[in-house]
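Heads up: the structure comes next, in structure tokens.
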Amino acid sequence: MNERPRLYAAVLWDHLERHRQMALVSGPRQVGKTTVCRSIGEAYLNWDNTDDRRRLLRGPASLAEVLQLDRLRARPLVAVLDELHKYTKWKALLKGFFDTHGDRVRLIVTGSSRLDVFRRGGDSLMGRYLLYRMHPWSVGECLRTGLPAGEIQTPAEPAPADWEALWEHGGFPEPFLRRDSRFTRRWRSLRQEQLSREDLRELAQVADLGTMEVLMQLLAERSGQQLVYSNLAQEIQVAVDTAKRWIDLLGRMHYGFIVRPWFANVAKALRKEPKWFLRDWSGLAEDGARAETLVACHLLKSVEGWTDLGIGDFELRYLRDKQKREVDFLVVRDRKPWFLVEVKLSDTTLSPSLAHFQAQTKAPHAFQVVINLPYEPADCFKAGQPVVVPAKTFLSQLL
């Protein structure tokens with residue numbers, strides 16, 4: 001398998017040059033966190049290694065000794081602490097270590113699920129970290145792995161082999177780079193098993209794993225659809241609150257993500273059904289669902305990436321009204337609608353919902369993104385009216 005440079009290496013190098021805070025790197029299992037971080041770090045400790053775990057459990061002073069922080073250095077040591085979220089007291093360890101030794105070391109901390117969860121409550125690490133959310137490969141990352149200057153990039157044509165690999169094998173590094181259908185199928189089922197057995201048992205203490213696996217199966221078949229919690233709860237025979245809690249948990253573990261409808265009134269948006277998308281589109285049998293999920297994952301990578309880089313505050317939403325008119329996605333920048341996206345496989349007849357919702361939201365751009373159209377070397381963000389855009393062009397302008 002060929003190693004290719006990742007965008008996130010440039011992001012983390014930039015962080016190390018400009019900030020003293022810890023870099024917390026969160027993202028799905030097998031997205032490449034360890035590979036990228038180890039390529040940057042000079043010292044590496046992994047919670048899953050029993051020797052390293054013993055050192056970490058001894059506390060901040062022991063960690064400083066292991067990293068030889070009493071040695072004279074021209075610049076601070078770069079140390080990687082991998083899978084630290086599995087330690088229940090990881091926040092206290094990091095706080096104590098950073099407050100005492102933060103001037104002599106630059107820390108990169110990785111974790112699959114819980115690293116960004118604590119931001120919801122009282123945060124003992126406030127001001128001591130910056131969060132970076134890592135995503136699978138995308139069209140933009142196939143074209144550029146340097147630090148982006150702003151949100152939108154100059155359009156460029158993706159290599160046909162990269163485009164086919166993304167469509168067929170998804171964006172997770174191993175299947176994407178290996179490009180072997182038999183391997184991809186085995187990798188996918190193994191990842192599903194690890195998520196449903198190991199991660200759920202370790203991190204969430206879900207007692208009824210069998211029912212949770214049925215829920216995962218149902219959600220895998222419904223990527224791109226609205227989630228009606230009461231119907232789902234009925235299907236798997238659990239309480240509605242349990243179904244909501246489990247879906248939230250699967251989101252935190254990066255199995256999938258929800259996209260909420262856009263309303264200026266936040267309470268209204270929370271009452272309406274969200275849409276659900278898988279993180280890995282490669283296993284979706286239906287081409288329409290695969291197309292919409294591929295674009296959803298590209299948009300999520302962009303909005304989270306732009307936010308993490310401090311370019312602005314971005315959100316991914318969708319639009320639907322009482323007349324059942326709908327647009328697949330709306331990207332919101334600093335609480336203002338920015339551009340609309342309707343995804344089609346081959347249909348180039350412009351959806352009337354785009355013009356309707358563009359007038360309603362005052363969004364500057366509206367795109368009908370068509371998967372099967374050939375690349376067009378034109379900047380789609382120069383168009384103010386609704387426009388049909390090849391997916392290869394549109395996605396090449398994102399992260």
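Derivation of every value follows stated rules applied to the coordinates shown; laboratory data play no part. In this text, all values refer to a predicted model and were calculated from it rather than measured experimentally. Positions of Cβ are generated from backbone atoms using ideal geometry, with glycine treated the same way; all protein chains shown enter the neighbour counts.
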**Report entry** Extension reserve of the residue 244-residue 346 stretch, reckoned as 0.36 nm per residue once the Cα distance is removed
**Finding:** 33.3 nm
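Rounded, prolate or oblate: which fits the range 7-134 when a ≥ b ≥ c are the square roots of the eigenvalues of the alpha-carbon gyration tensor, with rounded for a/c under 1.5 and prolate only if a/b beats b/c?
Values: a/c = 1.26, a/b = 1.11, b/c = 1.13.
Taking the square roots of the gyration eigenvalues as a ≥ b ≥ c, the range 7-134 is rounded.
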Requested in this report: Could you work out how far the C-alpha centroid of the range 332-372 sits from that of the range 204-264, in angstrom?
Outcome: 27 Å
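How would you classify the range 128-180 from its alpha-carbon gyration tensor, with a ≥ b ≥ c the square roots of the eigenvalues: rounded for a/c under 1.5, else prolate if a/b is greater than b/c, otherwise oblate?
Details: a/c = 3.27, a/b = 1.35, b/c = 2.42.
Cα axes put the range 128-180 in the oblate bin.
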Requested in this report: Would you mind classifying the range 249-399 by shape? Square roots of the alpha carbon gyration tensor eigenvalues, ordered a ≥ b ≥ c; an a/c under 1.5 is rounded, otherwise it is prolate if a/b is larger than b/c and oblate if not.
Outcome: rounded
Requested in this report: Would you order 333, 53, 58 from fewest to most other beta-carbon atoms within 10 Å of each residue's own beta-carbon?
Outcome: 58, 53, 333
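Using the reciprocal of the averaged 1/r over all distinct C-alpha pairs, how large is the Kirkwood radius of the range 229-323 in Å? Walk me through the numbers on the way to the answer.
Values: mean 1/r = 0.0669 Å⁻¹.
After inverting the pairwise mean of 1/r, the radius is 14.9 Å.
So what is the relative contact order for the chain, in percent, with contacts set as C-alpha pairs under 8 Å and at least six apart? Display every interim value, and only then the final one.
On the way: 665 pairs, mean separation 60.8, N = 399.
Reported as a whole number, the value is 15 percent.
Please report the antiparallel percentage of DSSP beta bridges with both residues in the range 7-134, rounded to the nearest 5.
Working: 0 of 18 bridges.
Percentage antiparallel, nearest 5: 0.
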Query raised in the report: Antiparallel DSSP bridges in the chain: what percent, to the nearest 5?
Result: 35 percent
Report summary line: For residue 287, placing the label point 7 angstrom along Cα-to-beta-carbon and taking the range 152-193, residues whose amide nitrogen sits under 19 Å are 160-170
Query raised in the report: Which residues' amide hydrogens lie under 5 Å from the amide hydrogen of residue 225, considering only partners 5 or more residues apart or on another chain, with H built in the peptide plane?
Result: 276
**Report entry** Formal net charge of residues neighbouring residue 161 (Cβ-Cβ distance under 11 Å; K, R +1; D, E -1)
**Finding:** -2
Query raised in the report: Sorted by mean Cβ packing within 10 Å, highest first, what order do the peptides 293-304, 167-178 take?
Result: 293-304, 167-178
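For a quick check: sort 54, 191 by the number of other beta carbons within 10 angstrom, fewest at the front. Walk me through the intermediate numbers first.
Details: 54 10, 191 20.
Fewest to most other Cβ atoms nearby, the residues stand as 54, 191.
Longer than 26 Å from Cα to Cα, which of 362/382; 91/272; 244/336; 89/272 are they? Say none if no pair is. Kindly include the intermediate steps, with their values, before the conclusion.
On the way: 362/382 16 Å; 91/272 35 Å; 244/336 28 Å; 89/272 36 Å.
Among 362/382; 91/272; 244/336; 89/272, the Cα-Cα distance tops 26 Å for 91/272; 244/336; 89/272.
Calculate the all-directions average of the projected area of the chain's alpha-carbon convex hull, and give it in nm². Display every interim value, and only then the final one.
Values: hull surface 80.6 nm².
Mean shadow area of the hull around the Cα atoms is 20.2 nm².
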